[in-house]
Amino acid sequence: MQVNITDRAEKELLKLPPQIKDRILERLELWEKNYTQMRIKKLIDRDDEWELRVGDYRVIMELDHNRGIANVLHFKKREIAFKKRRMGK
């Protein structure tokens, strides 16, 4: 699975502390190589959107299984990611 980080997600990533950013990027690289063996969660209220848990942060991705591409949409702290979803954003 090829992982692409959108411009918006890149901006969010750059705002994170270096230690958190490194941990997230390591986990994404590991997921990219072993995506069939690592657990991700389908977002109930979104089409083709999934989340990868990295500590207190969530990597929100849009998956295109046919093309083998995962587009990272957001890097959000858990409580912020869940709050926005509950509000329908």
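The values are calculated or read from the model by the stated rules, or taken from the named source; none is laboratory data. Every value quoted in this text rests on a predicted model; they were computed, and no experiment measured them. So basically every Cβ, Gly included, is an ideal-geometry build from the backbone, and we count neighbours across all protein chains shown.
Just a few scattered comments:
- Residue selected from region 38-89 under the condition surrounded by 17 or more Cβ atoms within 10 Å (Cβ to Cβ) and basic (Lys, Arg), by the criterion modelled with the lowest pLDDT: ARG85
- Within region 48-83, the set of residues being in a loop (DSSP other than H, G, I, E, B), of a type in the set (Asp, Glu) and farther than 18 Å from ASN4 by Cβ comprises just one member, ASP56.
- In region 1-12, the residues that are aliphatic (A, V, I, L, M) and either part of a helix (DSSP H, G or I) or free of Cβ contacts under 8 Å to residues at least 24 places away in the same chain (or both): ALA9
- Verdict on THR6 being among the β-branched types (Val, Ile, Thr), more than 15 Å from ASN71 (Cα to Cα) and surrounded by fewer than 16 Cβ atoms within 10 Å (Cβ to Cβ): no
- Total residues in region 13-26, condition within 15 Å of ASN71 (Cα to Cα) and either of a type in the set (Lys, Arg) or in contact (Cβ under 8 Å) with a residue 60 or more places away in the chain (or both): 1
- Checked against (1) assigned to a helix (DSSP H, G or I); (2) crowded, with 17+ Cβ neighbours inside 10 Å, GLU26 meets all criteria but (2).
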